[in-house]
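Notes follow once the structure below has been shown.
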Amino acid sequence: MRKAGAWIGCLTVWLLMAVAAVAATAEEAEFSRANQLCEQGQHTAAIEIYEKLLSGGKVSAALYYNLGTAYYRAGQVGRAIEALRRAERLAPRDPDIRANLAAIRRAVSGKEDAGPGGLELFLGRLTLNEWCLGATVSFWAWLGVLTLMQWRAGWRASLRGWSWGFLFLWLGAAGCFGGAYYFQKIRRTAIVVQKEVGARQAPYDVSKVVWNLVDGMEAHIVGENKDWLEIRDERGRAGWVKRDQVLIWPS
């Protein structure tokens, strides 16, 4: 009975591995087909396949990058930016992702320094998991040094500098994790996905348009009222837009 049970268990594992391998092969085939369609100029068809792969649970920086490229070539700039931002979150140091995202933002805004800068740009160099790992490792290293100082009284003088160093490293990494979490998870941005959107003075259709946004423009969300979002751009201009005119990042 034990041998039969072992054989059944092994067979089950083998079947599961085989099914997973077949599914992965099918996904790769669909991904390659979408890439070919995109190169042939059939961007809408490629987008449908990319979105289907995402809805099926396949998530990768390459998939979001290609989806963003297809959206941009199809003339959907806002959706391209949203897809590339997702790719950047997964692979923040990928030069192609950063270069394409920066190029699209420059084209939309007409400014060479479009996009995040300063602290947000620095914190975006690492993923949240990487910042968390750095804070965790430095914290345990600090505790380890403190333990050694208690265990070996003769080492205290030589380890005191290390203890302060790891303490400051932990505090810095923890602070960076908190800042990165705010920029990536808490602060919300509206990405325009229509050709032209009028930011209104108040959350009403009859309210006066105070400034206009075009497809791909990004603005911070500072308030909301039912189907309306209050936004503020980098120049300090404020206004109200409808939810269905933008994508909210992070979603």
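The values are calculated or read from the model by the stated rules, or taken from the named source; none is laboratory data. Just so you know, these numbers come straight off a predicted model, no measurement behind them. Positions of Cβ are generated from backbone atoms using ideal geometry, with glycine treated the same way; all protein chains shown enter the neighbour counts.
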Restricting to the stretch 212-221, what's the tally of residues that are surrounded by 13 or more Cβ atoms within 10 Å (Cβ to Cβ), in a strand (DSSP E or B) and either among the charged types (D, E, K, R) or more than 20 Å from the chain's Cα centre (by Cα) (or both)? 3
Test: residue in the stretch 149-168 that is modelled with pLDDT of 95 or more, of a type in the set (A, V, I, L, M) and touching a Phe, Trp or Tyr at 6+ places or on another chain (Cβ under 9 Å): yes
Considering each residue of the stretch 94-130, count those that are part of a helix (DSSP H, G or I) and within 13 Å of VAL77 (Cβ to Cβ), and give that number. 9
Could you grab me the full set of residues in the stretch 233-251 that are modelled with pLDDT of 95 or more and not in a strand (DSSP E or B)? ARG243, ASP244, GLN245
Applying the selection to the stretch 235-251, what residues are surrounded by 14 or more Cβ atoms within 10 Å (Cβ to Cβ), under 23 Å from the mean Cα position of the chain (by Cα) and over 13 Å from VAL197 (Cα atoms)? ILE248, TRP249, PRO250
For residues in the stretch 154-192 being among the β-branched types (Val, Ile, Thr) and either outside any helix (DSSP H, G or I) or crowded, with 17+ Cβ neighbours inside 10 Å (or both), which is nearest to the chain's Cα centre (by Cα)? THR189
Among ARG79, ARG106, ARG98, which is the only one that is under 30 Å from ASN212 (Cβ atoms) and at pLDDT 95 or above? ARG79
Might you let me know whether the stretch 145-159 holds any residue that is in contact (Cβ under 8 Å) with a residue 24 or more places away in the chain and in contact with a helix residue (DSSP H, G or I) (Cβ under 8 Å, 6 or more places away or on another chain)? no
